[in-house]
Amino acid sequence: MKALLLVLLTSVSALAVQIAPFRADVTPPIGAPLCGGLVKPAVGVSEPLLALGVVLLSDEKPVVLCAIDFCEIRGADHIHWREVLAAAAATTPERVALHSLHQHNAPLVDNAAQKLLPELGILDADATEKALHGIAEAIQAALKTPQPVTHISTGEAKVLEVAGNRRVQVIDGKVGKMRGSGSKDPVLRALPEGLIDPFLKTVSFWNGEKKLAALHYYATHPMSYYGDGIISHDFAGIAREKRTQEDGVPHIYFTGCGGNIGAGKYNDGTPPMRPLLAGRIHAAMVESEKNAKRVPLTKLAWKHVPVVLQPDPEFPEERMLKVMQNTATAPTTRIAAALRIGFIRHREPIPFTSLHLGEDVCLVHLPGESFVEYQLFAQQQRAGGFVCTASYGDGVAGYIPLEQSFIEGGYEPSQAYAAPNSEKMMKQTISDLLKK
């Protein structure tokens, strides 16, 4: 299906931009399902879950960028959430970029899957709807006191000993054992990092000499450990909140294309590793801003490409329904089947968007658990530019590997809902989003 490219541009000569940062607590109640019912329900709270973002006001309709400490928001729910946030910001849903950070001790929002399996706990619908309206209220409150933006700054720094590719053990062209977010296997941990994007990138907004907000982007699964029922925004959230406290301005973190990236090379999954990983992310945040280049904000442009990804024919709906309806099967297996059925039945296009700031800065917003190769591909499309990529937008597609990944096997292709040839559409769309 040929993607329809919608480009909305502002006037360079008359550009006047304002920013309204917002913040809302979205922590679910004790007893709420976490990670779509695939892990232990909530029994306690380590740190609150937050929705953080900015509304950018210009001569065009407002743009909303929101990063939430949820595992995923999927399909019809992602559409609904963007509609509510758009109404709060007096804009349209296609100008809302809504991204989960993908922590696993956090909610997964998929009411369609819950309706397929009402006897199993996939989400607390009332709690997530309350969280959504809390974000909308925070946006409305923030818009009462927007601040002018005169400059943006960009910087990057290497993150040391956090990310590693999960698919590094390849034997005769097939992926073998994989290290996940944490690993105690010395053989797997001794393997190379593999292909990653080592850089954390930062874009900050300024009014003259006054910093107003900072956006950070880094590609890895953001979990040190999970499954114990203790709600946590984990190491990425800890680093983010420390910078906010130090700086006195909002710091917002987006997880990049971390579908095949985790901390398992450097993380044994024990509790002491969480603050250590947080410290490494925090150090890169600080360094990226030390190296920042500040320039006047002379142009703002938004691009929106609605895309339809076809289901993987290897997993037909009839077979998935049998798996889901088999009460003798493990609940997690049935839930996984329901989530896949949700994608097969989802008929609405998935939003891909980008925000262009000035001539060289591009923020790209992708769905699902996209592989890091898509992030690196995006950077190649604007050589000499500054490209930041947020993944984990609409989670309805699950993992989005490369076509070759399905031949290599491994965990991610088995959990990918879209057809292997989706790589072509992904790359074409990314190219469209990054054209000047």
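Any read-out appearing in this document is the output of simple, stated calculations on the displayed coordinates, not a laboratory observation. Predicted, not measured: the structure shown is a model, and the values here were computed from it. Neighbour counts are summed over all protein chains in view; Cβ atoms, including those assigned to glycine, are modelled from backbone coordinates with ideal geometry.
Positive end of the dipole of the chain (Cβ unit charges, origin at the Cα centre): among Gly121, Leu50, Val96, the Cα lying farthest that way belongs to Val96. Here is the list for the range 255-326: GluC sites (Glu not before Pro) lying in DSSP coil, each with at most 14 other C-beta atoms within 10 angstrom of its C-beta, are Glu314. About its Cα centre, the range 106-264 has a charge dipole of approximately 440 debye under the convention of +1 per Lys or Arg Cβ and -1 per Asp or Glu Cβ, with nothing else charged. Each Cα pair under 8 Å and six or more residues apart adds its separation to the average, and for the range 43-174 the resulting relative contact order is 21 percent. Centre-to-centre separation between the Cα atoms of the range 150-193 and those of the range 305-381: 22 Å.
Computed over the chain with a Gaussian network model linking Cα atoms closer than 10 Å, the most mobile of Gln381, Gln169, Gln245 is Gln245.
Placing unit charges on each Cβ (+1 for Lys and Arg, -1 for Asp and Glu) gives the chain a dipole about its Cα centre, and among Ala419, Val175, Val17 the Cα reaching farthest toward its positive end belongs to Val17.
The residues Tyr417, Tyr218, Tyr225, when put in order of fewest to most other Cβ atoms within 10 Å, stand as Tyr225, Tyr417, Tyr218. A straight line joining the Cα centroids of the range 200-217 and the range 71-145 runs 25 Å. In plain terms, the residue of Lys427, Lys130, Lys211 with the fewest other Cβ atoms within 10 Å comes first and the most crowded comes last, giving Lys130, Lys427, Lys211. The 3J(HN,Hα) values that the Karplus relation (6.51, -1.76, 1.60; θ = phi - 60°) gives for the range 268-284 are, in residue order, 8, x, 8, x, x, 6, 4, x, 5, 5, 4, x, 5, 5, 4, 4, 5 Hz. Gly and Pro appear as x. What you get for the chain, charging only the Cβ of Lys and Arg (+1) and of Asp and Glu (-1), is a dipole of about 560 debye around the Cα centre.
Going from the residue with the fewest nearby Cβ atoms within 10 Å to the one with the most, Glu83, Glu423 rank Glu83, Glu423.
Computed about its Cα centre, the charge dipole of the range 39-190 is approximately 660 debye, with only Lys, Arg, Asp and Glu carrying charge at their Cβ. Backbone amide hydrogens, once placed in the peptide plane, bring Ala213 within less than 5 Å of Phe205, excluding anything fewer than 5 places away on its chain.
Shape descriptor for the range 6-434: Rg over Rh equals 0.94 (Cα atoms; Rh from the Kirkwood inverse mean 1/r). Proximity of backbone amide H atoms, modeled 1.01 Å from N, is registered between Val17 and Val149 at under 5 Å, excluding neighbours fewer than 5 places apart on the same chain. Normalised by the number of residues in the range 180-242, the mean separation of alpha-carbon contacts (under 8 Å, six or more apart) gives a relative contact order of 28 percent.
The spread of Cα positions in the range 200-285, taken along each principal axis and listed from longest to shortest, comes to 44, 24, 21 Å. Taking the range 110-158, how much of its Cα-Cα pair set, in percent, is spaced more than 16 angstrom apart? Tail of P(r) above 16 Å: 66 percent of Cα pairs.
Between Lys265 and Gly164, the built amide H atoms are under 5 Å apart, and every one of these is 5 or more places off in sequence or on another chain. From helices alone, the chain scores -9500 deg cm²/dmol at 222 nm; the rule is -39500 (n - 2.57) for each run of n ≥ 4 DSSP H residues, then divide by the residue total.
Sorted into 5 angstrom bins from 0, the C-alpha pair distances of the range 10-156 split as 2, 10, 18, 21, 16, 13, 9, 6, 3, 2, 1, 0 percent.
How far is helix 234-247 tilted, in degrees, relative to the longest principal axis of the Cα atoms in the chain, given as a value from 0 to 90 rounded to the nearest 10? Taking the Cα atoms of the chain, the angle to 234-247 is about 20 degrees. Taking only Cα atoms, what is the 0 to 90° angle, nearest 10, from helix 125-142's long axis to the longest principal axis of the chain? Helix 125-142 sits roughly 10 degrees off the main axis of the chain.
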